[in-house]
Amino acid sequence: MTELIAVAIITILAVISPGADFAMVTRNSYLYGRKAGMLAAIGIALGVLIHVSYTILGVGLVISKSPILFSVIKIVGAVYLIYLGFNTFSTKVKLAIDLTETAAMSNFQSLRQGFFTNALNPKTTLFVLSTYTQVVNPETPLTLQIAYGLFMSFAHWFWFSLVALFFSQEKLRAAMLNKQIVLNRTIGGILMFLGISLALSPMVG
């Protein structure tokens, strides 16, 4: 029971803490509508399962003990965040999107962006690794380890679905679209800051 409570608390705190995933879902929701935000949330949840899978298989332990391998993963994730942030920050053209006609972003693009945002997110890597290495022990049944991973994925989906629902409300979305250049620069700046901070942060050995 103690182990279960610990996993739940760590997961909730990790999910609600602001990060690249929150910024991306917020932007997609207000810019492209509720469906895009919801699909991005599903992609984020699927991205979490990538980290859970290699951690359960034991690769996570290798990464946590190998500074070089961890550094490569951290840098790849940081570069992706900087790239995503720069594209968002440099967008100067206001988009007038009529969601009743054609979607500005395809379903696959929304899902893919959510997936890669977390699949390449060092924050998610650290969250999953630390949870499994600190809470789960060798005696923990494999079925329970899988259940923990599914809970982590579900928690991400649930939270970011709520974010998508909130930021895709018609009145709020309309107000945000009118200020989208400022918002794009704000969100893009946050993404680039997170990416640079992760790239320059001390390497965990």
Problem - the stretch 159-179, subset within 17 Å of the chain's Cα centre (by Cα) and open to solvent by less than 20 Å² (accessible area, probe 1.4 Å), residue farthest from Val25 (Cα to Cα) - result: Ser161
Handout entry: Among (1) at pLDDT 80 or above; (2) open to solvent by less than 60 Å² (accessible area, probe 1.4 Å); (3) among the hydroxyl-bearing types (Ser, Thr, Tyr), the one test that Ser197 misses
Key = (1)
Handout entry: Filtered residues of the stretch 138-149 (kept if in contact (Cβ under 8 Å) with a residue 40 or more places away in the chain and surrounded by fewer than 20 Cβ atoms within 10 Å (Cβ to Cβ))
Key = Thr140, Leu142, Gln145, Ile146
Practice task
Select from the stretch 1-44 the residues that are open to solvent by less than 10 Å² (accessible area, probe 1.4 Å), closer than 13 Å to Phe127 by Cβ and β-branched (Val, Ile, Thr) and write down the one among them that is nearest to the chain's Cα centre (by Cα).
Solution key: Ile44
Practice task
Please note which helices (runs of 4 or more DSSP H) are completely contained in the stretch 48-153 and include at least 2 residues that are modelled with pLDDT under 75 and closer than 20 Å to Leu4 by Cβ.
Solution key: 122-134
Handout entry: Residue among Leu162, Leu172 that alone is in contact (Cβ under 8 Å) with a residue 60 or more places away in the chain and in a helix (DSSP H, G or I)
Key = Leu172
Exercise for the section: Filter the stretch 159-190 down to residues that are of a type in the set (Lys, Arg) and closer than 18 Å to Asn87 by Cβ, then give me how many there are. Expected result: 1
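The values are calculated or read from the model by the stated rules, or taken from the named source; none is laboratory data. As the structure is a computational prediction, the values presented were derived from the model and not from experiment. Positions of Cβ are generated from backbone atoms using ideal geometry, with glycine treated the same way; all protein chains shown enter the neighbour counts. We work out accessible area using only protein heavy atoms, side chains counted, and drop any ligands, DNA or RNA first. Shrake-Rupley method; radii C 1.70, N 1.55, O 1.52, S 1.80 Å.
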